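The values are calculated or read from the model by the stated rules, or taken from the named source; none is laboratory data. Just so it is clear, the model here is predicted, and its values are computed rather than measured. Note that each Cβ is placed from the backbone with ideal geometry, even for glycine, and that neighbours are counted across all protein chains shown.
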Amino acid sequence: MKPHPSILLLVCVLCSSVVQTHAQSVDGVFRKFDRNSDGKVTPDELANPKAFERFDLDKDGAITAAEYAKVSGNPAPAPAAPKEKEGPMPTAQAVPKAETTGLSAQIEAMIKAVDKNADGQITKEEANGAAWFTRLDQDGDGVVSATELALMRRIVAAGASSRGKSSSANTPAVTPEDVKKVTSGPEMLKPGEVGIGRMIDDVKLRTLDGKELGLGSFKDRKGLVIIMTSATCPVSKRYLPSVAKLAAELKDQGLGLLLVNALGSEKPEDIRAQLTAAGVTAPYVHDIEKRLSLALDARTTTEVFLVDPARTLIYRGALDDQYGINYNLDAPKHSYLRDAVAALLRGEKPFVQATAAPGCELDLPAAADAKSTTVSYHRDVARILQQNCVSCHREDGIAPFALDDLDEVKDRAKVIRRVVNEGSMPPWFAAIDKDADKNPWANDCSLSAKDKADLFAWIDSKDRPLGDAAEAPAKRRYPAEWSIGKPDLVVQLSKAYDIKADGFMPYANDIVETELKEDRWVSAYEILPSQRDVVHHVIVRVHEKGSEVRKADEGREGYWAIYVPGNGACVYPEGFARKMPAGAKVSFQIHYTPSGKAKKERLKMGLVFAKQPPSNEVRTAPLANPRLSIPPGAARHVETHSQRVPFDMPIMGFMPHMHTRGAAFKYEVTYADGKTETLLDIPRYDFNWQLRYDYKQPKLIPQGSTMKITAVFDNSTGNKANPDPSKLVKWGSQTVDEMMIGYIEYFRPL
């Protein structure tokens, strides 16, 4: 049975009426395709050749609004089957009328006819390339999922009801999940509360190359886009390729572009080098005195502003929704700024006028009602930062900016407050039982209550007192390369990997053969990336000579060594070591994350050999649940896995591993007498930090006990790092899939 064309057209129109409200008229649809607002649609704007030929009545290579209206004013010819690719979206007036009675049955018959393997979803192949497929496939993953079909059914039912007599009793409910599907992205802000519609002062500025200008200098343009940026903020850096592309588009559209950096601590030479590498030539203002930043009331280093020729603020917020603090998308789902520019060129108000802009918070001058404090920078704050942050946040450190200089700290004071307050910095996520006698963790790097209170008191104070410079802490020295000392053996990747500037990259897998003639015991290891800002984490395994190396063995063979930023080295206590067999193969699984600039990366691992055979061998065992099944849209889905302990196991530490949907993780043990104990509780799991949690003293778990791991997954639209909330998620090695592994590091006496 073939679905009737009228049903397909009705589905398209009704779905479009919900997610594309501007397509309610011939004029609205035409404007959707006329991306540059020049009054005509060209082949690059409508890529379907058959459709273009049908609407280009005078065959001059461009479709005018009159031509589009003339063709759309009559019912489009019905295709014989959905195999025929449709042209532009027909308007509501052009849809053949259908009986509303029995419509649900017809829709189900259509789904049944197209869903050839009856698996409850429709693939692109099953749809045979029909244009209606892309409108139903809202997340663009090539599959119209069961969730998307359910949403379509609701929309069709609501649309069919509205085409008959209006009746509130017949209107089906729309769930919050339905709404989130079409409103995902940065938080929408109330325009009047963030200055939309107000005039921006004509602040006088000096560009990085010494030219003087003001906002009035752009009055001959159709508008001005101002982009806050930074040479060190990770989110700003990821957006640089997008800014370069945008610059060319704005120039062609007759708009101006101005880049603004409010961080006085950043060096002009670093800024210039970054701009040159990215190919960005737009005027750049290093707003050290924060004149323009204050006039705009700028909030983050990624915020963009659209101003018309009269200096009226038209839009402010995110450029798009591709990048955030804790997530990267392969491509944006919502192009907020481009949509606002198109509206400005049409003389209209943008549909979205203001959003939040994920990035590093800017610290503008304090409010008049801020409190004073006795905490000073030199005596207190500098020491807190040096003790807890500077090992990573320093010149040539692995963090994106330094915190060992007063200007650096002042520029990022609000960023520091946010990350400390939310618990993401310093990165430590283990909960300590309030009834526990002592903290069991050797590597707990979280701030003490006093340090946190003093840090917040200084940041929140009105004057942020410096104190006496003579009381400043002495500078510390950090190793130029290896923190474990000179290695006895260096194992490097077999090749350098090309890391693209933006988007998503699958895991890289590399195998290196060692030339060891005999077994060696390793007392320390360190993994050093050549480009630290693109390496998210590394898992290393060691394989016996002649053994087969499988890429999919994660979760079944444990790990030999691991790396996350700030946690890439391990030195074992005296008498403990890991074994590196003669002729071993070393496999690396690397999660690369683009940083805004194309690079080549070739990391290496250094090994220090024990001077004498150890008395204890360090090993890793995985507790894994490969039978994951996480439902679409589930905000708090729980999975568990239990396993008997086959021998007495002295545990040295743990490392839980999930992907971007991971929300919480817990290790528990039930002893032979039935008593249950929580070993490690992570109420807020963070995929960005694959941390080890090392005991101060190993904990012995007797043979016959049962170890249990519990994981909570957030597969909802509320999880901004979620690659696809509509997907039924199974086990897989890529970050778009999921894993549930509770690594246990233990030792065996030799």
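Can LEU466 be described as of a type outside the set (Lys, Arg), under 30 Å from LEU362 (Cβ atoms) and in a loop (DSSP other than H, G, I, E, B)?
Details: of a type outside the set (Lys, Arg): yes; under 30 Å from LEU362 (Cβ atoms): yes; in a loop (DSSP other than H, G, I, E, B): yes.
For LEU466, the condition - of a type outside the set (Lys, Arg), under 30 Å from LEU362 (Cβ atoms) and in a loop (DSSP other than H, G, I, E, B) - is met.
Being basic (Lys, Arg) and within 30 Å of ARG379 (Cβ to Cβ) is the filter here; which residues of region 466-522 pass it? Walk me through how you get there before you give the answer.
From region 466-522, those basic (Lys, Arg) are 475-477, 486, 495, 500, 517, 520; that's our starting set.
Scanning region 466-522 gives LYS475, ARG476, ARG477.
Looking at GLY633, GLY575 in this structure, which one is on the phi > 0 side of the Ramachandran plot and touching a helix residue (DSSP H, G or I) at 6+ places or on another chain (Cβ under 8 Å)?
Details: GLY575 fails: touching a helix residue (DSSP H, G or I) at 6+ places or on another chain (Cβ under 8 Å).
Of GLY633, GLY575, the one residue that is on the phi > 0 side of the Ramachandran plot and touching a helix residue (DSSP H, G or I) at 6+ places or on another chain (Cβ under 8 Å) is GLY633.
One residue is enough: does region 690-707 have a residue meeting the conditions closer than 30 Å to PHE647 by Cβ, of a type outside the set (Lys, Arg), assigned by TED's automatic domain parsing to the domain that holds ALA664 and touching a His at 6+ places or on another chain (Cβ under 7 Å)? Can you show your working first?
Here is the first cut: in region 690-707, the residues closer than 30 Å to PHE647 by Cβ are 690-707.
Subsequent filtering for residues that are of a type outside the set (Lys, Arg) retains 690-691, 693-695, 697-698, 700-707.
From what is left, the residues that are assigned by TED's automatic domain parsing to the domain that holds ALA664 are 690-691, 693-695, 697-698, 700-707.
Subset that is touching a His at 6+ places or on another chain (Cβ under 7 Å): 690.
The answer is yes; a qualifying residue exists.
Could you list all residues from region 251-279 that are farther than 22 Å from SER293 by Cα and touching a residue at least 24 places away in the same chain (Cβ under 8 Å)?
Taking region 251-279 and keeping what is farther than 22 Å from SER293 by Cα, we get 251-254, 273, 276-279.
Residues satisfying the conditions are ASP252, GLN253, GLY254, ALA277, ALA278, GLY279.
In the set LYS59, LYS40, which member is in contact with a strand residue (DSSP E or B) (Cβ under 6 Å, 6 or more places away or on another chain) and at pLDDT 75 or above? Break it down into steps so the answer makes sense when it comes.
On the way: LYS59 fails: in contact with a strand residue (DSSP E or B) (Cβ under 6 Å, 6 or more places away or on another chain).
Just one listed residue meets the conditions, LYS40.
Quick check: anything in region 249-272 aliphatic (A, V, I, L, M) and out of contact with any strand residue (DSSP E or B) (no Cβ under 9 Å at 6 or more places or on another chain)?
Looking for residues that are aliphatic (A, V, I, L, M) and out of contact with any strand residue (DSSP E or B) (no Cβ under 9 Å at 6 or more places or on another chain), one finds none in region 249-272, hence no.
Can we say GLU617 is assigned to a strand (DSSP E or B) and surrounded by fewer than 17 Cβ atoms within 10 Å (Cβ to Cβ)? Please lay out each step first, then the result.
On the way: assigned to a strand (DSSP E or B): yes; surrounded by fewer than 17 Cβ atoms within 10 Å (Cβ to Cβ): yes.
Judged against the criteria, GLU617 is a match.
Would region 477-491 turn up any residue that is within 30 Å of ARG532 (Cβ to Cβ), assigned to a helix (DSSP H, G or I) and either not assigned by TED's automatic domain parsing to the domain that holds GLU526 or not hydroxyl-bearing (Ser, Thr, Tyr) (or both)? Full working, then the answer.
Filtering region 477-491 down to residues within 30 Å of ARG532 (Cβ to Cβ) leaves 477-491.
Subset that is assigned to a helix (DSSP H, G or I): none.
So far as region 477-491 goes, no, none of its residues is within 30 Å of ARG532 (Cβ to Cβ), assigned to a helix (DSSP H, G or I) and either not assigned by TED's automatic domain parsing to the domain that holds GLU526 or not hydroxyl-bearing (Ser, Thr, Tyr) (or both).
Just checking, does region 417-439 include any residue being assigned to a loop (DSSP other than H, G, I, E, B), of a type in the set (A, V, I, L, M), touching a Phe, Trp or Tyr at 6+ places or on another chain (Cβ under 9 Å) and not assigned by TED's automatic domain parsing to the domain that holds GLU289? Before the answer, list the steps.
The initial filter retains those residues of region 417-439 that are assigned to a loop (DSSP other than H, G, I, E, B), namely 423-439.
Next, only the ones that are of a type in the set (A, V, I, L, M) stay: 425, 430-432, 436.
Now restrict to residues that are touching a Phe, Trp or Tyr at 6+ places or on another chain (Cβ under 9 Å): 430, 432.
With the extra rule that they be not assigned by TED's automatic domain parsing to the domain that holds GLU289, the set shrinks to 430, 432.
There is at least one residue in region 417-439 that is assigned to a loop (DSSP other than H, G, I, E, B), of a type in the set (A, V, I, L, M), touching a Phe, Trp or Tyr at 6+ places or on another chain (Cβ under 9 Å) and not assigned by TED's automatic domain parsing to the domain that holds GLU289.
Could you grab me the full set of residues in region 509-548 that are under 19 Å from LYS486 (Cβ atoms) and part of a strand (DSSP E or B)?
ARG520, TRP521, VAL522, SER523, ALA524, TYR525, GLU526, ILE527, LEU528
Looking at (1) within 20 Å of VAL645 (Cβ to Cβ); (2) surrounded by 18 or more Cβ atoms within 10 Å (Cβ to Cβ); (3) at pLDDT 95 or above, which is the one condition that is false for TYR746?
The number of the failed condition is (3).
Test LEU364 against the criterion of being among the aliphatic types (A, V, I, L, M), assigned to a loop (DSSP other than H, G, I, E, B), in contact with a Lys or Arg (Cβ under 8 Å, 6 or more places away or on another chain) and at pLDDT 90 or above, and give yes or no. Break it down into steps so the answer makes sense when it comes.
Working: among the aliphatic types (A, V, I, L, M): yes; assigned to a loop (DSSP other than H, G, I, E, B): yes; in contact with a Lys or Arg (Cβ under 8 Å, 6 or more places away or on another chain): yes; at pLDDT 90 or above: no.
So LEU364 does not fit the description; no.
Does TYR478 qualify as being among the aromatic types (Phe, Trp, Tyr) and modelled with pLDDT of 90 or more? Full working, then the answer.
Working: among the aromatic types (Phe, Trp, Tyr): yes; modelled with pLDDT of 90 or more: no.
Answer is no for this residue.
For region 585-614, how many residues are at pLDDT 95 or above, of a type in the set (A, V, I, L, M) and in a loop (DSSP other than H, G, I, E, B)?
2
Against the conditions (1) crowded, with 18+ Cβ neighbours inside 10 Å; (2) out of contact with any His (no Cβ under 7 Å at 6 or more places or on another chain), where does ARG602 fall short? Just the number, please.
Of the numbered conditions (1) crowded, with 18+ Cβ neighbours inside 10 Å; (2) out of contact with any His (no Cβ under 7 Å at 6 or more places or on another chain), the odd one out for ARG602 is (1).
Looking only at region 322-333, decide whether some residue is in a loop (DSSP other than H, G, I, E, B), of a type in the set (Val, Ile, Thr) and not assigned by TED's automatic domain parsing to the domain that holds GLY718. It would help to see each step written out before you state the result.
Applying the first criterion (in a loop (DSSP other than H, G, I, E, B)) to region 322-333 yields 322, 324-327, 329-333.
Cutting the leftovers down to of a type in the set (Val, Ile, Thr) gives us 325.
Then drop every residue that is not not assigned by TED's automatic domain parsing to the domain that holds GLY718, which leaves 325.
Yes, there is a match, as at least one residue in region 322-333 is in a loop (DSSP other than H, G, I, E, B), of a type in the set (Val, Ile, Thr) and not assigned by TED's automatic domain parsing to the domain that holds GLY718.
Applying the selection to region 486-511, what residues are among the β-branched types (Val, Ile, Thr) and surrounded by 16 or more Cβ atoms within 10 Å (Cβ to Cβ)?
In the first step, residues of region 486-511 are kept if they are among the β-branched types (Val, Ile, Thr); the result is 490-491, 499, 511.
Matches in region 486-511: VAL491, ILE499.
Looking only at region 246-267, count how many residues are loosely packed, with under 14 Cβ neighbours inside 10 Å and either of a type outside the set (D, E, K, R) or touching a Cys at 6+ places or on another chain (Cβ under 9 Å) (or both).
2
Can you confirm whether ILE384 is part of a strand (DSSP E or B) and either touching an Asp or Glu at 6+ places or on another chain (Cβ under 8 Å) or in contact (Cβ under 8 Å) with a residue 40 or more places away in the chain (or both)? Steps first, please.
On the way: part of a strand (DSSP E or B): no; either touching an Asp or Glu at 6+ places or on another chain (Cβ under 8 Å) or in contact (Cβ under 8 Å) with a residue 40 or more places away in the chain (or both): yes.
So ILE384 fails the test.
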